[in-house]
Amino acid sequence: MTTEAELTGSAALAAPPQDIEETAGAPAWGALLVVLADLRRDPSLYGQAVEELLRYWSITQDNQVRVAVAEAEVGGARIAPGDGVILAYPSANHDETVFADGARFDIHRKDVSRHIAFGHGRHLCPGAPLGRMELEVCLRALFDRFPGLRLADVPEPVVFRQNTIDYGLTALHVTW
């Protein structure tokens, strides 16, 4: 029997992105403002910066719940058919065995393409290429239009949303 909470969680996870805000509204902006000088010096880093933003701040911050359909072994643990499995995307994207110094934001990271911000395999988001392109186009346009853009000198320049399934910002105080 499925509980109301399970149905609500499943419906929320299955809901498609509503607009560019879910990708471009990622908390990426604050971090990118810090490395903007690198992007100005070397615009070829934009693609790498987008990937690092997606890895570092995965848009989906909730864990994904799945049911095993076949026996498997993961990290030495046996998983039987019917067992519940929790996939922790944010944790996976910071896994030190995959990403050297994974807790650090670094647009020069060499292994960034292994992130799973958009899922993986048959669960890969079909909009992943579009999301990447939108984020890069928006960042280039924003930084070209406002070359002096920087974080404002206020007590809390970056404010994150709380208690939502999608990670993002409530406020980003900037000046130029």
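The values are calculated or read from the model by the stated rules, or taken from the named source; none is laboratory data. Keep in mind that what you see is a predicted model, and the values were worked out from it rather than measured. A quick note on method: Cβ atoms are made from the backbone with ideal geometry, for glycine too, and the neighbour counts reach across all protein chains shown. Note: accessible area is taken over every heavy atom of the protein model, side chains too, but ligands, DNA and RNA are not part of it. Shrake-Rupley method; radii C 1.70, N 1.55, O 1.52, S 1.80 Å.
Taking the criterion of being modelled with pLDDT of 90 or more, open to solvent by less than 90 Å² (accessible area, probe 1.4 Å) and among the charged types (D, E, K, R), would at least one residue in segment 146-164 satisfy it? Checking segment 146-164: not a single residue is modelled with pLDDT of 90 or more, open to solvent by less than 90 Å² (accessible area, probe 1.4 Å) and among the charged types (D, E, K, R). Checking segment 93-113 against the condition returns no match, with no residue being open to solvent by 90 Å² or more (accessible area, probe 1.4 Å), in a strand (DSSP E or B) and at pLDDT below 90. Checking each residue in segment 56-73 for being at pLDDT 90 or above and surrounded by 14 or more Cβ atoms within 10 Å (Cβ to Cβ) picks out only ALA68.
Considering the conditions (1) surrounded by 13 or more Cβ atoms within 10 Å (Cβ to Cβ); (2) within 19 Å of HIS94 (Cα to Cα); (3) free of Cβ contacts under 8 Å to residues at least 60 places away in the same chain, ALA128 is excluded by exactly one of them, (2).
Residues that are part of a helix (DSSP H, G or I), of a type outside the set (Gly, Ala, Ser) and modelled with pLDDT of 85 or more were ranked within segment 29-48; the one that is nearest to LYS110 (Cα to Cα) is GLN48.
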